[in-house]
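Bear in mind that the values in this text are calculations on the coordinates, not laboratory data. This is a predicted model, so every value here is computed, not measured. Cβ: placed from backbone, ideal geometry, glycine included. Neighbour counts: every protein chain shown.
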Amino acid sequence: MKKTIKEQKAALIILLSNIFIPFLGIGLIVPVMPSFMNIMHLSGKTMGYLIAAFAVTQLLLSPLAGRWVDRYGRKKMIIIGLFLFGVSELIFGLGTHVSVLYLSRMLGGISAAFIMPGVTGYIADITSIQERSKAMGYMSAAISTGYIIGPGLGGFIAEYGVRMPFYFAAAIAFLAVITSIFILKEPLTKEQLTEISANTKHTSLISDLKRSLNPLYLIAFIIVFVLAFGLSAYETIFSLFSDHKFGFTPKEIAAIITISSIFGAVVQIFMFGKMIDKLGEKKLIQLCLIIGAILAVASTVISSFLAVLVVTCFIFLAFDLLRPALTTFLSKAAGKEQGFVAGMNSTYTSLGNIVGPAIGGILFDVNINYPYLFAAVIMFIGLGITVMWKERQLAESLVKN
């Protein structure tokens, strides 16, 4: 019998902190990147390549990291991931040559590949089926909160030097490593890890990708890709769209993003579990896809600040609810293979994050409205795919658990 969330409070707080810190670190450096570009004499193309280096490395390592999470344990992979994240931020802060920055971003991608499946698998292991959706909602809220707090805190820290946010991110990551070593306990026994490892011993990246085509997982993984693809295409051009079409100032754009993120995080914390209980994962995912697609189209015809704020709040909310709903479904379907499923979840997310911004940017150059309309089309395609999603498959997976 698994303990309740209240009984697992200490472990859950540490886990949520561990997933919060990398996303806080990502947000911390946002305000200083223009200044950093000038200091290092970096072009926009180089900055794009640095972002791609992170995403590609995470994409390539995620399946392998997922198998290691199942083989060597959740705790070890989380600690290694946090340590690598700290090292990557420290290297970036100290870097004086672009090759060092590429090394930093690649280490960052590896760290993300370890942390995400490690934390997701750990949470799934210590929560019951009934409480898992609530815990996954907390995890998604921790990610969103990191994004919210990061830029503001980074701007404040940057007053003490343009490289200070990187050093601060490294420091809190190393602190999280120490805390996790002493407080977290591996949720699975050696026997359980050995059993899971025996089932995955002969697997490879190619075999893992083939396993992800299992009908039990496939539709959810496609939706994961669609979500990352559509969201990244939407978010990549949001600032450009708001500036070019509406003439919003950076302060107004920051206000819209911050308010929308806070709104999404609050709903996740207090309402996500209840919405899953009432609607179930499939209906909630379909509802979010419908709302997201309709509002993406609406974004091309509205003009006032208030209208943009309201529409953006609900689009971000739809995306914020989609992520934990999909993660919850996959964790329920995974049984003892939490690492594999979480790793492939990260793989399909990375793939969407690589392709989405590239296509969004190309379409923006053709027509300012096309990226939003494209995101809407992608979400409608995702909605059509969910029609093939059989509830029986989820029921069968729950029997295995």
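Evaluate the distance, in nm, between pseudo-label points positioned 7 Å from the Cα of Ile381 and of Leu42 along their respective Cα→Cβ axes.
3.1
What distance in nm separates the two pseudo spin-label positions at Leu306 and Ala255, each 7 Å out from Cα along the beta-carbon direction?
1.3
Hey, with R₀ at 51 Å, roughly what FRET efficiency would Asp277 and His244 work out to, going by the Cβ-Cβ distance, to 0.05?
Efficiency for this residue pair is about 0.75.
Give, as a single signed number, the net charge of other residues whose beta carbon lies under 15 Å from the beta carbon of Gly93, with Lys and Arg counted +1 and Asp and Glu -1. Walk me through the numbers before you get to the answer.
Values: positive: Arg105, Arg163; negative: Glu89.
Around Gly93, the surrounding residues sum to +1.
Of Lys9/Lys185; Lys210/Lys332; Lys75/Lys332; Lys274/Lys332; Lys75/Lys278; Lys210/Lys278, which ones are farther than 25 Å apart at the Cα? Walk me through the intermediate numbers first.
Values: Lys9/Lys185 13 Å; Lys210/Lys332 20 Å; Lys75/Lys332 20 Å; Lys274/Lys332 17 Å; Lys75/Lys278 33 Å; Lys210/Lys278 34 Å.
Those over the limit are Lys75/Lys278; Lys210/Lys278.
Please give me the summed charge of the neighbours of Val267: other residues whose Cβ is under 12 Å from its Cβ, Lys and Arg +1, Asp and Glu -1. Mind showing how you got there, number by number?
On the way: positive: Lys274; negative: Asp320.
Local charge sum for Val267: 0.
Using label points projected 7 Å from each Cα along Cα→Cβ, tell me how many nm separate Ser128 and Ile368, to one decimal.
Placing both labels 7 Å beyond Cα along the Cβ direction yields 5.4 nm.
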